[in-house]
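Structure record follows, encoded as structure tokens.
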Amino acid sequence: FQFVDFQRQSPLIWLAIAFALLVIVTARLKGLRALGGLLHSVAVVIGFIVPPIVDGNEPVAVAFIGALAIMLGTIPLTHGLGPHAVAACVGTATALAITLGIAVFAVDAAHITGFGAEEATLLAASADVDLQGLLIAGIVIATLGVLDDLTVSQASTVMALRAANPSLGGRELFRRGLGVGHDHIAATVNTLVLAYVGASLPTLIVFSLGDTSLVDAATSEVVAAPIVATLVGSIGLILAAPLTTATAAYLATQVPEDALDAAPHAH
């Protein structure tokens, strides 16, 4: 006999069941729809994004198309097909395209090769994968996970303002909605930074034990890669707020008041 690894199937299943039940109990139908959106996202990543990359296709193009497929499935499924969902989709797609362009430039300018991760050697030996493109693809997918939160909230805020006071014009809706967005940006950027820092914590501890200076640690690829990802993702989030707010403000002035009242305003 040989010990290979622990059997983790049971705790993972029970943890997933507990998560799903809590989502449904607390958010009810909205939670059930959110779980459907989550399953859709996982299915797109596993079934659409991963296989073409393994087959040698360009990771950046595959990830961007897959991210749009995730967005077009999860936002309408979770939040309906109202004007707020349309504004969120437009803002997310635009910000995602800008984020992709900045990521390509930043990764190339910082000479991030993609070989900093431990999995890089295994991938290079077993598959014909563009590791730098794979890194950019990861930035796009990770940014999307936070982008849709921001854009949906911004669009719903604008629609709620318009429903509460139909006399507000597009400019005033944009100003008030963006005022809420400023607080949301600050909180979301902090969330994104902490997520990357948490994932890089073991690496930071290794550098600390080796008495490596902060500058040397930050400029090494293993740390520089998440720094670039964090900054690029944060720029995308910052740009998404005014883009989505402007789109939502325009749509809010074009739809009937009863359509605004019917739109769900939920985070």
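The values are calculated or read from the model by the stated rules, or taken from the named source; none is laboratory data. Predicted model only: the values in this text are computed from it and were never measured. Counting neighbours? That spans all protein chains shown, and the Cβs are built from the backbone with ideal geometry, glycine included. Just the protein is used for accessible areas: all its heavy atoms, side chains included, with ligands, DNA and RNA removed. Shrake-Rupley method; radii C 1.70, N 1.55, O 1.52, S 1.80 Å.
Figures for the structure shown
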quantity	calculated
By average C-beta atoms within 10 angstrom, highest first, the peptides 239-247, 84-92	84-92, 239-247
Nearest-0.05 FRET efficiency for H182 and K30, computed from C-beta distance (R0 30 Å)	0.70
Electrostatic dipole magnitude of the range 83-178 [Cβ: Lys, Arg +1; Asp, Glu -1; Cα centre; debye, to 20]	800 debye
Using alpha-carbon coordinates, inclination of helix 170-199 to the longest axis of the chain, degrees	20 degrees
In sequence order, calculated HN-Hα J values of the range 87-100 (Karplus, 6.51, -1.76, 1.60; Hz; x Gly/Pro)	4, 5, 5, 5, x, 5, 4, 5, 5, 5, 5, 5, 4, 4
Whole-number percent relative contact order across the chain, with pairs defined as alpha carbons under 8 Å at least 6 apart	26 percent
Option label - percent of Cα pairs over 33 Å apart computed here, alternatives [x] 30; [y] 25; [z] 21	[x]
Förster radius 30 Å - calculated FRET efficiency between L214 and L38, Cβ distance, rounded to 0.05	0.20
Karplus-derived HN-Hα couplings along the range 16-26 (A = 6.51, B = -1.76, C = 1.60, θ = phi - 60°), whole Hz, x at Gly and Pro	5, 5, 4, 4, 5, 5, 5, 4, 5, 5, 7
Of D216, D149, D108, the one that fluctuates the most in a GNM where the chain has Cα springs shorter than 10 Å	D216
Extension reserve of the Y250-V193 stretch, reckoned as 0.36 nm per residue once the Cα distance is removed	17.3 nm
Probe 1.4 Å, accessible area per residue of the chain, Å²	54 Å²
Most mobile listed residue (R175, R28, R162) in the chain, GNM with C-alpha springs under 10 Å	R28
Theoretical FRET efficiency, 1/(1+(r/R0)^6), r = Cβ-Cβ of I46 and F105, R0 30 Å, to 0.05	0.55
Unit charges at the beta carbon, dipole of the chain: most positive-side option, L173, H184, N57	L173
Phi to ³J(HN,Hα) by Karplus 6.51 cos²θ - 1.76 cosθ + 1.60 over the range 143-158, Hz, x for Gly, Pro	5, 4, x, 9, 4, 5, 4, 5, 5, 5, 5, 5, 5, 5, 4, 5
Residue of L168, L147, L15 that the Gaussian network model of the chain assigns the largest fluctuation, springs spanning Cα pairs under 10 Å	L15
Portion, in percent, of the accessible area of the range 75-117 that falls on carbon or sulfur, probe 1.4 Å	77 percent
